[in-house]
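*Asks:* Let me begin by handing over the structure; questions about it come next.
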Amino acid sequence: MGTNNGCQPFLKIMPSILILTYSNINRDPRVLKQISFFRNQGFEIVLSSLEYHGNLTFFPIRKQKKLIFRAIKLVTMIFRLKKLRVWEFVRNSSFEELKNQSRFDLIFANDEETWPIAEKLQKLNPNTKLVIDAHEYYPGQFNDQISWSLFHKWYSDYLCETYPKTADFFITVCDGLARAYEKKYVKKALVILNTPDFESDLNPVPVGEKIKLIHHGIAVRSRKIEKMIQMMDVLDSRFEMNLMLMPTDLSYYKELQIQAKGKSVNFLPPVPTKEISSFLNQFDIGLFLLEPVNFNYEFALPNKFFEFIQARLAIAIGPSPEMKKILEKESLGVVSDNFDGLELAKRLNQLSNNDIFLFKQRCHEVAFQYSSHQNEKVFASILDVIGFHPQFEKKLAT
């Protein structure tokens, strides 16, 4: 099915789901998993987001560039005008196009920006079921930034206080965030991990003369990737560093390249999301040192951690509690006592090639357990509770 121009309602011959997200879907592994699951369950899928390239019905969320809308946004944020802020965002979304479509059986709302859209669409048809997925703990997302804390935190607080309680299910990405939501907003969250597909064809690759470290992700200053580069000053000559980064902040990316000069550091071009785990398989140790500069960094349990597992890599991290809990439980690698990259480098220097290969084997043993197949059971239980079932009979639109 091609992109819908919004002029004609789509003909529904099967249960329909609207998936909302404030992201580029093609670069959002969590949303891609939702699409895959619901497609396999027989749903007609409609998407609305900032960007999408594919063959599903899609309605773009518009980013208004007109000065008047920028002014309205600024006023609403400065004076904390909750209802006007919601109106301004919904007005600039795909709401008008979506409300003219055939009713949706299910709405899956990712990212806090989309929650008001989902709630308003649900009100048009009370039989529509609503699932809200919080990818982050939004009130603590950028609490290391003064401007965000002054002008944006109140809005995240308002959205989290208002909209999850209207949903049939509320989901988040790890236990730490679930506890935080329940403590502050008295809304119990179901946990669906950011796990990728099970890579059944991959096996641990023996460790060669060079021990190949790999880190992948976006290049933003708050992640302090330079700490991982600085580890090369302490790591012995067996190690080489590989960085596969999306240069979100181009000036920062160039600074990292300058800092890496003269060190055994390689910068690699990014690969498509679905190819990450298979590409990483050639390396030895997945590296992620994330200083907890804000709440979400403190409780991070990201895609890359589980992609390391699927790639059958040993893992080296700082003491981030959600990652550390799994790493130590399953004996997948090493964790430092602090977020000083030099201390983690010393831990790595103590490993033999055989130690590293044993960690890789452990990742191989638990790869299925930490794959999206386990989350599909949670999705299926949600569908069962709200009245849908894994196998559907096609139904004609009335």
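Since every read-out is calculated from the coordinates, none of them should be taken as a lab result. Because the structure is a prediction, the values reported are computed rather than measured. Positions of Cβ are backbone-derived with ideal geometry, glycine not excepted, and every protein chain shown enters the neighbour counts.
*Asks:* For the Cα atoms of the chain, what angle does the longest principal axis make with the long axis of helix 353-366, in degrees from 0 to 90, nearest 10?
*Replies:* 20 degrees
*Asks:* Among Y297, Y163, which comes first, second and so on when ranked by fewest other beta-carbon atoms within 10 Å? Write out the running numbers ahead of the final one.
*Replies:* Numbers: Y297 20, Y163 23.
Ascending number of Cβ neighbours within 10 Å: Y297, Y163.
*Asks:* Something else now. I'd like the FRET efficiency for D175 and L67, computed as 1/(1 + (r/R0)^6) with the beta carbon distance as r and R0 of 41 Å, rounded to 0.05. Numbers along the way, then the final one.
*Replies:* Numbers: r = 44 Å, r/R0 = 1.08.
Given R0 = 41 Å and the Cβ-Cβ separation, E is 0.40.
*Asks:* Send over the Kirkwood Rh of the range 211-366, from the inverse of the averaged 1/r over different Cα pairs, rounded to one decimal Å.
*Replies:* Working: mean 1/r = 0.0648 Å⁻¹.
Hydrodynamic radius (Kirkwood, Cα pairs) of the range 211-366 is 15.4 Å.
*Asks:* Which three extents, in whole angstrom, do the alpha-carbon atoms of the chain cover along their principal axes, largest first?
*Replies:* Largest to smallest, the principal-axis extents are 67, 50, 39 Å.
*Asks:* Is it possible to state the helix-based mean residue ellipticity at 222 nm for the chain, with each DSSP H run of 4+ residues giving -39500 (n - 2.57), the sum divided by total residues, to the nearest 500 deg cm²/dmol? What is it? Walk me through the numbers on the way to the answer.
*Replies:* Values: 17 runs with 155 residues, N = 398.
Per the formula, -11000 deg cm²/dmol.
*Asks:* What list do you get for W115, W154 if you sort them by fewest beta carbons within 10 Å? Could the numbers behind the result be given before it?
*Replies:* Values: W115 26, W154 15.
By the 10 Å Cβ count, ascending, the order reads W154, W115.
*Asks:* Quick one: order D105, D144 by neighbouring beta-carbon count within 10 Å, fewest to most.
*Replies:* Numbers: D105 22, D144 16.
The fewest-first ordering by Cβ neighbours comes to D144, D105.
*Asks:* Using a Förster distance of 45 angstrom, determine the FRET efficiency expected from the C-beta separation of L124 and L150, and round it to 0.05.
*Replies:* Working: r = 35 Å, r/R0 = 0.79.
Taking R0 as 45 Å, the efficiency between L124 and L150 is 0.80.
*Asks:* Would you work out which of Y155, Y181, I171 lies farthest towards the positive end of the dipole of the range 60-205, given +1 charges on the beta-carbon of Lys and Arg and -1 on that of Asp and Glu, about the Cα centre?
*Replies:* Highest projection toward the positive end goes to Y155.
*Asks:* Over the Cα atoms of the range 189-249, compute the convex hull volume and normalise it per residue, giving Å³. Working shown, then result.
*Replies:* Values: hull volume 9.6 nm³, N = 61.
Hull volume normalised by residue count: 157 Å³.
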